[in-house]
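None of the figures in this text is laboratory data; all of them are computed from the coordinates on show. In this text the structure is predicted, and so the values were computed from the model without any measurement. Neighbour counts are summed over all protein chains in view; Cβ atoms, including those assigned to glycine, are modelled from backbone coordinates with ideal geometry.
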Amino acid sequence: MNVRLKLVLFLILLFSISIVGSILTLKLESYGDEKLSWVIHTHNVIASSEKLLSSMKDAETGQRGYLLTQEVMYLEPYYTGISSALKYFQDLKMQTQDNIDQQKALEHIDKSIKLKLDELALTVELVQYDNLSQALRVVKENRGKDYMDDLRSDLTQFINIELLLLEKRKGDFKENRTQLVTLIKMQMVLLIFLAIATIFFMKRNLFDPLNLLLSSTKKMQQGEKLDISDVVEDNEMGNLLAAFFKMNEVVHEKAEVLAYKAHHDELTGLKNRSMVNTELQCALHHGEKTQTKVAVYFLDLNKFKEINDSLGHDIGDLVLIKTAQLLTETIRSKDKVFRLGGDEFLIIGQDISQSSGIKKLTSKLLEQFKFPILINEKSMMISPSIGVSIYPDDSLRGEELVKFADIAMYEAKKEQGNNCCEFDVSMLKRDND
């Protein structure tokens with residue numbers, strides 16, 4: 001049996017066991033959720049029953065207080081109790097729609113509630129019409145007590161039935177949990193077995209070929225000639241390994257080239273705009289940790305468009321390349337320089353302990369552009385306008401530092417020749433104007 005067939009059969013077995021186990025687990029879990037919902041439902045029925053009885057007691061308490069004192073404030077618990085009792089009774093009817101026996105029990109409870117509420121309403125109405133003595137006679141007949149005793153008895157029986165249902169449903173839920181745990185344990189045992197089988201399979205089809213590769217390396221060190229059969233087995237896995245290594249080498253080289261192109265300017269070789277935020281955040285984090293300053297320099301070449309228009313784009317490209325070279329030579333090893341696009345460059349100066357360090361770097365940048373440069377054996381002058389923003393003096397946020405440096409650069413552009421301007425808050429107002 002070749003490696004491909006063995007691998008296919010092994011994967012089919014592995015996936016089949018995983019899928020079947022997952023389906024069974026999901027079904028048991030779904031069944032368990034259903035059982036749990038019934039347990040919660042029964043708890044809610046019992047709670048509604050107890051609240052119904054409590055509401056009836058509140059109504060009765062309010063009625064008694066009103067009869068004894070004729071104070072209107074006692075009617076509040078009376079009416080509230082009646083309203084709550086009717087609400088909880090409707091809840092019980094909705095919650096027990098699936099239970100015919102309990103629905104019948106609720107019909108009897110409904111009669112007891114109506115009789116009790118009628119008795120309460122009668123006595124309250126008599127007092128309201130200044131007939132307290134007649135109301136007291138109704139109370140002394142004990143019909144209200146009998147109604148309440150019947151209601152209490154009916155609700156107690158109703159609750160007891162729900163408690164029995166609750167225990168049964170709890171048992172069903174626990175049984176489901178037990179089945180689920182048993183299934184999970186069986187899956188774990190099976191997975192352990194499959195893990196062991198996988199180890200043996202990998203040893204035979206992967207680790208052994210690696211050992212063969214190591215022995216072949218020793219042959220090479222001894223100067224012996226190698227055949228392809230010395231390096232990999234003469235089967236599908238061997239051919240796959242050989243092809244894979246060649247393909248991986250090609251893909252890796254292309255990936256590195258693409259990654260470099262994505263994050264670097266093709267013309268100057270500098271990092272491009274996509275890397276500014278990442279590098280700036282690292283610099284700010286380092287500055288916060290070491291209590292040092294970070295300077296953001298926004299640089300734009302003066303009259304670059306005129307150079308492009310008059311001398312051509314090829315000369316313009318050479319100017320940009322030379323500018324990138326000058327900036328790279330000027331900054332320290334820990335600083336970063338980027339080309340944002342066009343004739344715009346950005347420098348991140350980090351780990352600066354004092355403001356004098358920022359001014360020193362600024363002076364070095366301006367110094368580089370005091371002398372003419374040689375482009376195609378022709379001498380020409382280029383001059384930058386530079387805007388500077390400083391962390392933490394101007395802002396704690398990277399985006400704002402870049403924005404403020406840009407604003408300062410436009411202020412510097414108003415001057416002729418090489419010029420640098422540090423950001424000031426007053427520039428924001430001028431920029432908005």
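Data table
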read-out	value
For region 3-191, the fraction of alpha-carbon pairs in successive 10 Å shells from zero, as %	9, 26, 19, 14, 11, 8, 6, 4, 2, 1, 0
Cα-Cα separations in region 274-429 greater than 22 Å, expressed as whole percent	39 percent
Cα centroid separation - region 1-79 against region 140-161, whole Å	29 Å
Per-residue [θ]222 nm for the chain (sum of -39500 (n - 2.57) over DSSP H runs n ≥ 4, rounded to 500)	-25000 deg cm²/dmol
For region 100-127 versus region 354-433, the gap between their alpha-carbon centres in whole angstrom	89 Å
Cα-centred dipole magnitude for the chain, charges only on beta-carbon of K, R (+1) and D, E (-1), debye, nearest 20	1020 debye
Residue-wise HN-Hα coupling along region 354-367, computed from phi with Karplus coefficients 6.51, -1.76, 1.60 (Hz; x: Gly, Pro)	9, 4, 4, x, 5, 5, 5, 5, 4, 4, 5, 5, 5, 4
GluC sites (Glu not before Pro) restricted to DSSP loop in region 248-311 with at most 15 other C-beta within 10 Å	266
The chain: mean projected area of Cα convex hull, nm²	46.5 nm²
Residue 383 long-range amide H proximity, modeled H, under 5 Å	302
Exposure proxy ranking, count of Cβ atoms within 10 Å, fewest first, for 346, 183, 5, 126	5, 183, 126, 346
